[in-house]
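Asker: Once you've had a glance at the structure underneath, I'll fire off some questions.
Throughout, read-outs are computed from the coordinates displayed, never taken from laboratory work. Note that the structure is a prediction, hence the values are computed from the model and not measured. Every residue, glycine as well, gets a Cβ built from its backbone with ideal geometry; the counts of neighbours run over all protein chains shown.
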Amino acid sequence: MTTTETDPLGVYRKEFHAQLENQHYHPQTITRFDRCLAALNDRMAELGVGLKDLDEAVAVDLIGTSKLPPHDARRHRYWVRSFTKFLVGLGAAKPTPAGVPADTELGRLKHGYEDYLRRQRGLSERSILQNWRLAHRFLRFRFGGELGNLEEITVMDINAFLEQGASLKPPSREKSLSSLLRNFFRYLFTNGKIQINLASGILSVAHRYGTRTPRHLTAGQVDALLKAIRSDTSTGRRNYAMALLLARLGLRAPEVIAIQLDDIDWRAGEIMVRGKGQRHDRVPLPPEVGEALTEYIRRDRPSGSRTLFVAAHPPHAPFKDGQVIKIILKRAFAKTGLKPLAPYTGSHMLRHSLATNLVQRGAPLEEISDLLRHRSRASTMIYAKLDLDGLRSIAQPWPIPGGAK
């Protein structure tokens, strides 16, 4: 038997111990994990709690009433959550209940909408989550806690929801707000959940900040940031390689963290970029970027994961999103003394800076569009505002009395 009444966790503790060793956790950390799980095991035995009754919430409650020192309570909760997820993966413990119960009307709507986005629209899991979050926000706005009659939704309800976002201080910067709502109401109409296609009546929300010129850094300022990021440490070399991909190739933050080891073709000097809309593009790998990647892989990458960039601490897992890159840039700004271009330091700043500096050097917009992998040339036209010499050549004379001069 793997478990007993006096030893509810049984051999699973040893299996988890072995997993921690394989993930390169420090021996002292593994010892603390073991001590915490021993306390959880004792508490389960005292109260007669078996594995079939264990989930994250139960584990946290049990460890909170154990004899472990209370000053480390936060760490203990993290450890038992990690162990419970390990058990769930083996099918030995109950999974954490979903945010929306699947057997409710709202849960069935969520499942159907996500399946539609995944199978018919071909969206990524990240985009599917974004679509459902907005749809759920609208449903709470319209009906409150319980899902009401979808046939009662009107265009006026949708406009009121959009106006609420525009009236926030500061206003919502969700540029795809209307687009995401159209996706939802298109699904409702095509699946017969509503009789009127409300998607056609959803107007776009004006965003005045889009009329300004792209915020950017000079080439010297970009080099200063890269120098501040680079250091002779494992984390410094990883961060420097990530920042170079932004600054020299114009990649987006999610594209950087999505790179796999197999995406790099060292012989051809190319790297495959997993872009928006599940689009894959091959782009040249400059020697400067290739050298930084090689140094990071050879010296500092301890993980068995096929994802290129991983966390520096055990279990060296891939990053969930691009937030780590924004933190790296924020620290680099503070280190160099440069003033951020906006209160929110985004990784897109380096992408804008690359395109802007190329325009100022006389690069054609077609080449910039290819470099940034824009699907539409219209996306590249925002940089035409910065080509002052080109704009002067097509500017028309200002009309004055007596004729234009």
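Asker: How do His374, His71 rank when sorted from fewest to most other Cβ atoms within 10 Å of their own Cβ?
Answerer: His71, His374
Asker: What FRET efficiency comes out for the pair Leu90/His26, r = Cβ-Cβ distance, R0 = 22 Å, nearest 0.05?
Answerer: After rounding, the FRET efficiency stands at 0.35.
Asker: Run the quick spin-label model on Trp266 and Tyr78: label points 7 Å from Cα toward the beta carbon, then report their separation in nm to one decimal.
Answerer: In this crude spin-label approximation the distance works out to 3.5 nm.
Asker: Follow-up. Relative to the Cα centre, what is the charge dipole magnitude of the chain, using +1 at the beta carbon of each Lys and Arg, -1 at the beta carbon of each Asp and Glu, and rounding to the nearest 20 debye?
Answerer: Approximately 1320 debye in magnitude.
Asker: Report the semi-axes of the equivalent ellipsoid for segment 105-205 in whole Å, largest first, where each axis is √(5λ) for an eigenvalue λ of the Cα gyration tensor.
Answerer: 20, 17, 13
Asker: Determine the gain in length on full extension of the stretch Arg137-Arg306; use 0.36 nm per residue of separation and subtract their C-alpha separation, reporting nm with one decimal.
Answerer: Here the answer is 57.3 nm.
Asker: Right, here's the next one. Please work out the C-alpha center-to-center distance from segment 215-268 to segment 72-130 and express it in whole Å.
Answerer: About 32 Å separates the Cα centre of segment 215-268 from the one of segment 72-130.
Asker: To continue, here is another question. Spin-label point model (7 Å from Cα, Cβ direction): what's the Ile382 to Phe189 distance in nm?
Answerer: 2.9
Asker: Still on this model: Take the chain, mark every one of the chymotrypsin sites (Phe, Trp or Tyr not before Pro) that falls in a DSSP loop and has at most 15 other Cβ within 10 Å, then report the longest stretch left between them, sites excluded.
Answerer: Value returned for the longest uninterrupted segment is 1-265.
Asker: Something else: Can you run phi through the Karplus equation (6.51, -1.76, 1.60; θ = phi - 60°) for segment 303-319 and list ³J(HN,Hα) in whole Hz, with x for Gly and Pro?
Answerer: 7, x, 5, 7, 6, 5, 9, 10, 5, 6, 9, x, x, 6, 7, x, 6
Asker: Over 23 Å between Cα atoms: which of Lys14/Lys85; Lys276/Lys385; Lys330/Lys385; Lys85/Lys326; Lys276/Lys320 fall into that group?
Answerer: From Lys14/Lys85; Lys276/Lys385; Lys330/Lys385; Lys85/Lys326; Lys276/Lys320, over 23 Å: Lys276/Lys385; Lys330/Lys385; Lys85/Lys326.
Asker: Which FRET efficiency value, to the nearest 0.05, is calculated for Asp321 and Arg215 with the Förster distance at 25 angstrom and r the Cβ-Cβ distance?
Answerer: 0.70
Asker: Could you work out [θ]222 nm for the chain from helices alone, using -39500 (n - 2.57) per DSSP H run of at least four and dividing by all its residues? Round to the nearest 500 deg cm²/dmol.
Answerer: My calculation for the chain gives -16500 deg cm²/dmol from helical runs alone.
Asker: Continuing with this model, one more query. Looking at the square roots a ≥ b ≥ c of the eigenvalues of the Cα gyration tensor of segment 12-90, which shape do they give, rounded for a/c under 1.5, prolate if a/b is larger than b/c, or oblate?
Answerer: Because a/c hits 1.5 or more and a/b fails to exceed b/c, segment 12-90 counts as oblate.
Asker: Between Val11 and Gln130, how high is the FRET efficiency from 1/(1 + (r/R0)^6) when r is the Cβ-Cβ distance and R₀ = 35 Å? Nearest 0.05.
Answerer: Step by step, r from the Cβ atoms, then E = 0.30.
Asker: Which of Glu152, Glu366, Glu15 ends up with the largest GNM mean-square fluctuation for the chain, with Cα atoms connected below 10 Å?
Answerer: Checking each option, the largest mean-square fluctuation is seen for Glu152.
Asker: Could you give the distance between the Cα centres of segment 312-363 and segment 5-44, to the whole Å?
Answerer: What the calculation gives is 39 Å, centre to centre.
Asker: Taking the beta-carbon count within 10 Å as an exposure proxy, list Lys227, Lys94 from fewest neighbours to most.
Answerer: Lys227, Lys94
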